[in-house]
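Visitor: Structure incoming, see below.
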């Protein structure tokens, strides 16, 4: 007997992406009383998983994580796509809708290879291809040297073990979802700000697919959606790209959000900070913070952003 799927969820093939898709499926089945085999996980090979020898910013940016899933969603080969929201472009196709944001996990970065920023050896090689992590590290530890490392969690840990870098940085949420919570030391998010939308899983569907939208609405976590949408509004105003070192921390209290954000020069020597508190639905307040940061940014920072692009 052939299974009749209620939803087909598209996902990248990395272990972390599959873990996130499994969480999405579990939440859907629990919310609707479906059997697990009524939600199919459809694995799609993303360009970003094929090219690992160059920084993402040099080969097409965040679109390399989404374009194949987008194509399959457009063609109706899947009903929804499961994404790490920090990897999703700020401006999305008009015929797509973010149907659900799952409860956001730990937003912190984890330092692997040293117990703290202060105990990183002098002149250590820090393995990362993320402009935010590179700029923040150079801001706090200008003696360190950044070396490019890309790949999934296992690949990056393997490169660290092989001596390609002395320390590296990983997302706590990813480690938690892979059952690797004992790896490294989480950094205080109040001083080492995370990436926009870090730790958040989003599920996107076609805007005109009423069944998928209704199914996803049942697992949408309103506080997490509020934080993610506020951070994406900040990104929109900044014109942030994969070259832009942007760090942001947002907390929610009732229907209000508090956001603090920083933007950096690539070498970490210059930094502009700002904060705002507003109702969670007042996205213009978070866009205004982005514009304010850019208005105060020196050329070394402003050149890394493309507002209005």
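Visitor: One residue is enough: does region 49-65 have a residue meeting the conditions under 24 Å from residue 208 (Cα atoms), outside any strand (DSSP E or B) and at pLDDT 95 or above? Can you show your working first?
Guide: Of region 49-65, the ones under 24 Å from residue 208 (Cα atoms) are 63, 65.
Still in the list and also outside any strand (DSSP E or B): 63, 65.
Subset that is at pLDDT 95 or above: none.
No, because not a single residue in region 49-65 is under 24 Å from residue 208 (Cα atoms), outside any strand (DSSP E or B) and at pLDDT 95 or above.
Visitor: In this structure, does residue 280 turn out to be within 21 Å of the chain's Cα centre (by Cα), at pLDDT below 95, surrounded by 13 or more Cβ atoms within 10 Å (Cβ to Cβ) and under 22 Å from residue 199 (Cα atoms)? Show your work before the answer.
Guide: Working: within 21 Å of the chain's Cα centre (by Cα): yes; at pLDDT below 95: yes; surrounded by 13 or more Cβ atoms within 10 Å (Cβ to Cβ): yes; under 22 Å from residue 199 (Cα atoms): yes.
Criteria met by residue 280.
Visitor: Would you kindly identify the helices (runs of 4 or more DSSP H) lying entirely within region 152-222 that contain at least 2 residues that are without any contact (Cβ under 8 Å) to a residue 60 or more places away in the chain and not assigned by TED's automatic domain parsing to the domain that holds residue 83?
Guide: Details: elements: 153-161, 172-177, 210-217.
Result: 153-161.
Visitor: Which of the residues spanning region 155-172 are in contact with a helix residue (DSSP H, G or I) (Cβ under 7 Å, 6 or more places away or on another chain) and under 19 Å from residue 198 (Cα atoms)? Break it down stepwise before answering.
Guide: Taking region 155-172 and keeping what is in contact with a helix residue (DSSP H, G or I) (Cβ under 7 Å, 6 or more places away or on another chain), we get 165, 168-170.
168, 169, 170 - these are the residues of region 155-172 that are in contact with a helix residue (DSSP H, G or I) (Cβ under 7 Å, 6 or more places away or on another chain) and under 19 Å from residue 198 (Cα atoms).
Visitor: Does residue 43 meet the test of being in contact (Cβ under 8 Å) with a residue 12 or more places away in the chain, within 21 Å of residue 218 (Cα to Cα), in contact with a strand residue (DSSP E or B) (Cβ under 9 Å, 6 or more places away or on another chain) and not assigned by TED's automatic domain parsing to the domain that holds residue 176?
Guide: Numbers: in contact (Cβ under 8 Å) with a residue 12 or more places away in the chain: yes; within 21 Å of residue 218 (Cα to Cα): no; in contact with a strand residue (DSSP E or B) (Cβ under 9 Å, 6 or more places away or on another chain): yes; not assigned by TED's automatic domain parsing to the domain that holds residue 176: yes.
Criteria not met by residue 43.
Visitor: For region 66-111, which residues satisfy the criterion of being assigned to a loop (DSSP other than H, G, I, E, B) and under 18 Å from the mean Cα position of the chain (by Cα)? Can you show your working first?
Guide: Initial filter on region 66-111 (assigned to a loop (DSSP other than H, G, I, E, B)): 76-79, 88-95, 102-108.
Result: 88, 89, 90, 91, 92, 102, 103, 104, 105, 106, 107, 108.
Visitor: Next up: With 262, 258 as the choices, which residue is outside any loop (DSSP other than H, G, I, E, B) and closer than 20 Å to residue 225 by Cβ?
Guide: Details: 262 fails: closer than 20 Å to residue 225 by Cβ.
Going through 262, 258 in turn, just one is outside any loop (DSSP other than H, G, I, E, B) and closer than 20 Å to residue 225 by Cβ: 258.
The values are calculated or read from the model by the stated rules, or taken from the named source; none is laboratory data. Keep in mind that this is a model prediction, so the values were computed, not measured. Backbone-built Cβ (ideal geometry, glycine too); neighbour counts: all protein chains shown.
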